[in-house]
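Single-structure report; data block below.
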Amino acid sequence: QVQLEESGGGLVQAGGSLRLSCRASRTVLRTMAWYRQAPGQQRELVARISRDGSRNYADSVKGRFFISRDSAENTVSLQMASLKPEDTGVYYCNVQTLSWTQYWGQGTQVTVSS
């Protein structure tokens, strides 16, 4: 079992920045990622970082968001810049263990006003 503790999020004006962080209770993880879900829409991958440091981003956030991982702290962070109203949603931390089991955080609200 892996517990995830999320922090960050909130209300920001368009063009602003926010930082999300997520700390996992386990040290060795295959991937750490952030997903988001807008009202009435499916949950989608925003960014993912693997143990080897490789990163994947949704096309809609490339060049604006940056995912980083501190293995010593078991923490993954998402730095979000140039935020747009369409970035609004609940952001979920996601981790995958070496045995391919996934765990989700409780979610944190990000609201971008126009």
Original post:
If Lys and Arg each add +1 and Asp and Glu each add -1, what is the summed charge of the other residues whose beta carbon sits under 13 Å from the beta carbon of Ala81?
Top reply: +3
**OP:** Evaluate E = 1/(1 + (r/R0)^6) for Ser99 and Arg64, where r is the Cβ-Cβ distance and R0 equals 41 Å; express this FRET efficiency to the nearest 0.05.
**Re:** 0.80
Subject >> Spacing of the two label points (7 Å from each Cα toward its C-beta) at Ala38 and Leu11, in nm >> reply: 2.0
Original post:
By per-residue mean of other Cβ atoms within 10 Å, what is the highest-first order of 2-14, 87-99?
Top reply: 87-99, 2-14
Subject >> Sum of side-chain charges, Ser99 neighbourhood, beta-carbon under 13 Å (Lys, Arg +1; Asp, Glu -1) >> reply: +2
Original post:
What would the Debye formula give as log10 I(q)/I(0) at q = 0.27, 0.28 Å⁻¹ for the alpha-carbon point model of the range 1-77, no solvent?
Top reply: -1.45, -1.48
**OP:** Report relative contact order for the chain in percent, whole number only (criteria: Cα-Cα under 8 Å, sequence separation at least 6).
**Re:** 36
Subject >> Contact order relative to length of the range 48-87, as percent, for alpha carbon pairs under 8 angstrom and 6 or more apart >> reply: 31
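None of the figures in this text is laboratory data; all of them are computed from the coordinates on show. All of these numbers come straight from a predicted model, not from anything done at the bench. Ideal geometry is used to build each Cβ from the backbone, glycine not excepted, and the neighbour counts take in all protein chains shown.
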